[in-house]
Each structure stands twice: as structure tokens, then as C-alpha cells.
Amino acid sequence: MQEKKKRELPVIDSTEMPESLDCTTCFLPMQYQNKVEGKFVWQCFRCGKKYFVYTENGKTVIEETWGPPR
């Protein structure tokens, strides 16, 4: 089951994208949450910052926003 879950995580094939997403506030690795409105949601569990990652016109776009910490 773990293997199946790993395959569902978004794979981003871009030279602009780092190997991992790190929070710009806490500098900790972001955790993948789910997909909302076609955007992959990554969240920092320490400060609550969220990244929405998606592809638009062949480019990887990362939107940064805040959310409640868990």
C-alpha cells in the first residue's frame, strides 16, 4: 500500500523545480496534502504556509499562501 501511495504523488518534470519543496519561513520540507482544483497542495506543518503547484502553458507555477498550522 505504501508503494501505491508513493506513485500517486505528483511528479514534476521541470528544470526550474527543486528536488524538494522547503518552507521559506521555517526552512523545513513541505508535506504533500492533496489535489485541489487541479493544483497540488503542499503544506508546512510548523507554520501553516501552503504552496499550490501546477503547470500552466508548459511552465511549473508555485503559488504561496498561508493556512492554519496543524
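For this structure, a couple of remarks:
- So D13, is it acidic (D, E) and modelled with pLDDT of 75 or more: no
- Taken over the stretch 22-51, the criterion of being in contact (Cβ under 8 Å) with a residue 12 or more places away in the chain and at positive phi is satisfied by G38, G48.
The values are calculated or read from the model by the stated rules, or taken from the named source; none is laboratory data. Treat the numbers as computed from the prediction; the structure is a model and nothing was measured. So basically every Cβ, Gly included, is an ideal-geometry build from the backbone, and we count neighbours across all protein chains shown.
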